[in-house]
Amino acid sequence: MKYIARFIMWLGGWKYKGELPEVKKAVIISVPHTSNWDFVWGELAFLSQRIPAFILMKKEFFFFPLGMILRALRVIPVDRGKKDSHLVDQMITEFKKRDSMYLCITPEGSRSKRKKWKKGFLVIAKAAGVPVYLGRIDYKGKYCEIGPLFHPTDDVDADLQYIMSTYKDANPRHPEKFSWGK
């Protein structure tokens, strides 16, 4: 799969940029998220580097046969109609039972423009005792990267504001749908 993913990325003019994760357990955020193509390029980047990332996706995508393919790619269905506390508890349990785990989350929570990002990724990371990698998908430079490591504090709102500010120069597929806190 590694070489197939690299070949597909090469065909599309895309590359993986930067270092591989140094820690064995972390939340990886994928920003910006304005297109379904973000999943495609992000997943290809993970596969090309053999990064065993789990990805959360709304359960509506899990219909036959797509659901089987998504589960094989370590995609976890999420019921967005339910309270997040169950999901947080589920992810904490997953982190505790594994020696290595990367959980990829799109904090925007939607491909539509949002004024506020969801805080769940910070809540999960803090509760599980893991850091957050600030991942990026850049359509101008055609690259995906797992960026700097961030250690959540007890101030979720301040953490979120700081993280959002690091993406003010992002190059999404659909710039009109992206919000970094402006």
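Quick one: which of Lys116/Lys140; Lys24/Lys119; Lys2/Lys118 span more than 28 angstrom between C-alpha atoms?
Working: Lys116/Lys140 24 Å; Lys24/Lys119 22 Å; Lys2/Lys118 31 Å.
Exceeds cut-off: Lys2/Lys118.
Let me check against my output: what whole-number percent is the relative contact order of the chain, with C-alpha pairs under 8 Å and at least 6 apart? Computed value for the chain: 32 percent relative contact order. Applied to the stretch 46-52, the Karplus parametrisation 6.51 cos²θ - 1.76 cosθ + 1.60 on θ = phi - 60° returns per-residue 3J(HN,Hα) values of 4, 5, 5, 10, 6, 8, x Hz, with x for Gly and Pro.
All other residues with a Cβ under 10 Å from the Cβ of Phe54 taken together, and with Lys, Arg as +1 and Asp, Glu as -1, what is their net charge?
On the way: positive: Arg74, Arg98; negative: Glu94.
In short, +1.
Where only DSSP H runs of four or more residues are counted, the chain gives -10500 deg cm²/dmol as its mean residue ellipticity at 222 nm, each run worth -39500 (n - 2.57). For the stretch 85-101 and the stretch 1-32, what is the centre-to-centre distance using only Cα atoms, to the nearest Å? Taking the Cα centre of each part, the stretch 85-101 and the stretch 1-32 sit 23 Å apart.
Per-residue 3J(HN,Hα) values for the stretch 130-146, derived from phi via the Karplus relation 6.51 cos²θ - 1.76 cosθ + 1.60 with θ = phi - 60°, read 10, x, 10, 8, 8, x, 8, 10, 10, 7, 5, x, 6, 9, 10, 8, 9 Hz in sequence order (x marks Gly and Pro).
Dipole check for the chain: with +1 at the C-beta of Lys and Arg, -1 at the C-beta of Asp and Glu, and the Cα centre as origin, the magnitude is about 420 Debye.
Read-outs throughout are calculated quantities, based only on the coordinates presented, and are distinct from any laboratory measurement. Not measured: the values here are computed from a predicted model. No Cβ is skipped: glycine too gets one built from the backbone with ideal geometry, and neighbour counts run over all protein chains shown.
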